[in-house]
Amino acid sequence: MHVAIVGAGHAGGRAAEALRAAGHKGRITLIGSETYPPYERPPLSKELLAGDIHHEKTFIRPANYYDEAGIELMLGATVSAIDRAAQRLALDGGGTIPYDALLLTTGARARRLALPGGEGSRVFYLRDIDDALALRERLTEGTRLVVIGAGFIGLEVAATARKRGASVTVLELAPHPLGRVAAVEIGQYLASLHRAKGVDLRTGVKVTAIEDMGDALRVTAEGCEPVIADYAAIGIGAQPNTELAAGAGIETRDGILVDEFGRSSDPAIYAAGDVTRHLNPLLGRHIRLEAWQNAQNQGIAVAKIIAGGDAPFSEVPWFWTDQYEVNLQMSGAPDRWDRLVWRGEPTEPGFTLFQLLDGKVVAAVTVNNMRDMRFAKMLIQRGKIVDPAALADKAVKLQDLAR
Ligand SMILES: Cc1cc2nc3c(=O)[nH]c(=O)nc-3n(C[C@H](O)[C@H](O)[C@H](O)COP(=O)(O)OP(=O)(O)OC[C@H]3O[C@@H](n4cnc5c(N)ncnc54)[C@H](O)[C@@H]3O)c2cc1C
């Protein structure tokens, strides 16, 4: 049986490995548009952008691993179409690849700023190694950087740019950072952190144009004075690469729609990672995540299914970010909550914030307090009613509440 994997990113790379580990003896072809072997993206806005590591440190396996494992790695190759009837892939520039099972791990791409000046030689997006290396080169002592969007990537870029001595302005449309993904209180906490580190963070402002004046950019926005900067970094979210699947008539809904086994609407086609909108059995609904854990573990879980396994992918969503000396972790994917419980104060060096709905923990955020995370995930997974006073009381062990 020939398994073709389209997208040689984190999910695709881990899936190829896991297929071999699960005893798949047939052919495995891993096809990726990029020229690098599968790598992890979190360091792109952190250690790699800071200049602390070489880009090869991000590779999930050394480049020679694939040959040794009998995985045909085709880099710099883009799949342009899927012929589902013939079970065959078409490559950009010619050539076809047959498959018996197909795994789509095409990930996501940076959302572009659809405004005058949204593309240009002084404007940067951050999705791949080349983006990070190009931006890193520009971030030197005294560089003026404007970051558009105060989501995770925008804030990480701001923190790393400060570390490299740049002066940083962040422009955000919403009243707080992380408006799409976190409680307002966490956005406020990060806003204070960045301001304390010297970032000029302006919220509630709407960027209207970026003008390249030759030697600098002029960014105009409703709600604040124009910003003059040497470079702009745009972090306004990501879009799943669903076009290949949709073009072949596979069901998509802001993500390739898959079940808890990674199965798409075509029984021979599976998907994993950022590109999926997958059924999470713990939450009882479909979600799309852009997170390292999801890419890695869903890739592995779906590979095992393809190799003949029967265990669903079922995990509490988890994400982390590092900014300055702060490690922030989040678990759960709530669309609403009716109560917040603080375990510690946001003024302390470390604390945990729980989000509750109907007395149950549905999400948790730890700030420099990762030891709470394991038990927070257990609380979310078990879904039992907890006493908010006990949750807030640091003298009460979380593991006792999570049991
Ligand atoms: C800068 C940055 C920082 C991040 N930091 C964190 C973090 O701190 N914590 C965290 O949990 N998560 C973080 N993430 C998210 C995490 O890296 C992603 O969730 C993960 O990379 C997704 O893996 P993936 O394999 O699904 O997709 P990708 O890694 O996007 O891989 C998809 C690959 O498929 C290729 N491809 C697409 N279409 C085709 C085609 N038609 N033919 C061939 N190849 C194709 C793409 O070129 C790409 O190489 C970060 C992401 C970025 C960009």
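Contact order, relative form, for the range 140-204: 35 percent (alpha carbon pairs under 8 Å, 6 or more residues apart, mean separation divided by residue count). Here the dipole of the chain is about 820 debye; that uses its Cα centre as origin and unit charges on the Cβ of Lys and Arg (positive) and Asp and Glu (negative). Distance between the pseudo-spin-label points of E345 and K394 (7 Å out from Cα toward the beta carbon): 1.1 nm.
Accessible surface computed residue by residue for the chain, with neighbouring protein chains in place and a 1.4 Å probe, gives 43 Å² per residue.
Of interest is the spacing of the C-alpha centroids, which for the range 160-186 and the range 48-108 amounts to 33 Å.
Short to long, the 10 Å bins of the Cα pair-distance histogram for the chain hold 5, 21, 28, 26, 16, 4, 0 percent of all pairs. Note on the chain: antiparallel DSSP beta bridges, both residues inside, total approximately 60 percent of the bridges counted. Considering only R288, R41, R84, the mean-square fluctuation computed in a Gaussian network model of the chain, springs between alpha carbons under 10 angstrom, is largest for R84. Computed from point charges on the beta carbon alone (+1 for Lys and Arg, -1 for Asp and Glu), the dipole magnitude for the range 237-373 about its Cα centre is near 240 Debye. Taking only the Cα atoms of the range 293-375, the radius of gyration and Dmax are 15.6, 51 Å.
Of all lysines in the structure, those lying under 18 Å Cα to Cα from K397, and not within fewer than 8 positions of it along the same chain, are K360, K377, K384. Here the range 291-305 and the range 228-285 have alpha carbon centers that stand 13 Å from each other. Pull up the cross-link candidates among the lysines for K206, meaning alpha carbon to alpha carbon under 29 Å and not fewer than 8 places away within one chain. The qualifying lysines are K46, K163, K197.
Other residues within the sphere of radius under 11 Å centred on the Cβ of G255, judged by their own Cβ, net out at -1 (K and R +1, D and E -1).
Taking the Cα atoms of the range 232-275, the ratio Rg/Rh between the radius of gyration and the Kirkwood radius comes to 1.09. Sum -39500 (n - 2.57) across every DSSP H segment of at least 4 residues in the chain, then divide by the residue count to get the 222 nm mean residue ellipticity, nearest 500. Calculated from helices alone, the mean residue ellipticity at 222 nm is -6500 deg cm²/dmol. Placing a pseudo-label 7 Å from each Cα along the Cα-to-Cβ vector at N368 and E56 gives an inter-label distance of 3.6 nm.
Average 1/r across all pairs of distinct alpha carbons in the range 188-241, invert it, and you get the Kirkwood radius: 13.0 Å.
The values are calculated or read from the model by the stated rules, or taken from the named source; none is laboratory data. A quick note: this is a predicted structure, and the numbers were derived from the prediction, not measured. Methodologically, a virtual Cβ is constructed for each residue, glycine included, from the backbone with ideal geometry; neighbour enumeration extends over all protein chains shown. To get the accessible areas, we keep the full protein, side chains included, count just its heavy atoms, and leave off ligands, DNA and RNA. Shrake-Rupley method; radii C 1.70, N 1.55, O 1.52, S 1.80 Å.
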